[in-house]
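Colleague: Below you'll find the structure I mean.
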Amino acid sequence: MSLEGDFAGQTALVTGAARGLGRGIARAFLEAGANLVVCDINDAVEATAAELGSETGGEVLALRADVSSAADAARVIDATKERFGSLDHLVNNAGIARVARFVDTPDEDWDRTIAVNLTGVFNFMRAALPTMIAQRRGSVVNIASQAGKRGGELAAPYCASKAGVISLTQSAALEVAPDVRVNCVCPGFINTELQEDEYDAVSAITGEDREQIKAGWMAAMPLGRFQEVEDVAKVVLFLASDAAGQTTGEALNVSGGMVMD
């Protein structure tokens with residue numbers, strides 16, 4: 001199924017879009033004809049926007065923002081409406097991961113993970129949904145994780161934050177129906193810079209080498225490969241599209257079969 005051109009004339013906002021999964025989702029919206037806003041705390045977001053715009057010919061607005069700040073979220077939504085006149089799709093992708101044993105987790109790691117991964121989603125939904133409700137159209141896709149459905153070792157703050165994203169998605173979906181849909185995607189292990197960093201962090205704690213860690217994670221996937229950015233981006237666009245017009249409040253797995261529910 002091709003979604004090319006399905007989003008022509010619509011505006012999509014992707015958080016955490018300077019690199020990795022967020023960048024891939026942003027590119028997919030551009031290729032499908034959307035106007036695009038990319039925001040990130042990283043200075044590289046401006047270069048990313050310029051590159052994506054040059055490569056696709058699409059119109060891209062870059063904004064620096066810390067998703068944990070409610071003021072930043074409101075500023076980004078206002079700037080989006082000022083530039084493009086509307087906001088049709090919000091993808092809450094910004095996220096961080098901290099690796100530590102449960103009893104060794106520093107307060108600052110817990111606080112920052114919850115602030116970015118969960119409060120950040122709340123901030124942007126709270127800022128964006130009034131516009132979508134007034135328009136009587138819109139979709140939100142939150143990036144959760146399979147870790148939010150079953151927990152995992154060495155990642156308690158991350159797992160808790162992603163479980164919160166799933167619950168927050170369902171609560172919002174109930175309140176903003178029938179005109180606005182809210183869903184989330186639960187990836188498994190994605191080949192990104194973030195996953196590469198996690199190999200090193202886990203290795204430092206367990207003493208396993210990177211290949212052992214990779215093999216252990218891979219063994220949990222019946223489909224036998226890690227997810228690529230494009231695998232997840234396609235599902236995000238599906239959930240945002242009219243093809244998913246009867247889908248809301250869902251937490252859709254894209255995990256190679258690691259989680260089945």
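Any read-out appearing in this document is the output of simple, stated calculations on the displayed coordinates, not a laboratory observation. All values reported here derive from a predicted model rather than from experimental measurement.
Colleague: How far, in nm, would the chain grow between A71 and E108 when pulled straight, counting 0.36 nm per residue and subtracting the alpha carbon separation?
Modeller: 11.2 nm
Colleague: Then there is this: Regarding the stretch 113-261, what is the average projected area of its C-alpha convex hull, in nm²?
Modeller: 8.9 nm²
Colleague: Could you state the principal axis extents of the C-alpha atoms in the stretch 187-261, from the largest down, to the nearest angstrom?
Modeller: 47, 23, 19
Colleague: Within the chain, how many Lys pairs sit with Cα atoms under 25 Å apart, leaving out pairs fewer than 8 places apart on the same chain?
Modeller: Summing the qualifying lysine pairs gives 6.
Colleague: Follow-up. Would you kindly work out the equivalent ellipsoid of the chain from its C-alpha gyration tensor and give its semi-axes, the square roots of five times the eigenvalues, largest first in whole Å?
Modeller: One finds semi-axes of 29, 19, 19 Å for the chain.
Colleague: Ok, one more. If a helix is a whole DSSP H run, which ones in the chain reach 15 Å or further along their own axis (Cα) and hold a mean Kyte-Doolittle hydropathy of at least 0.0?
Modeller: 20-31, 45-56, 120-135, 156-176, 229-240
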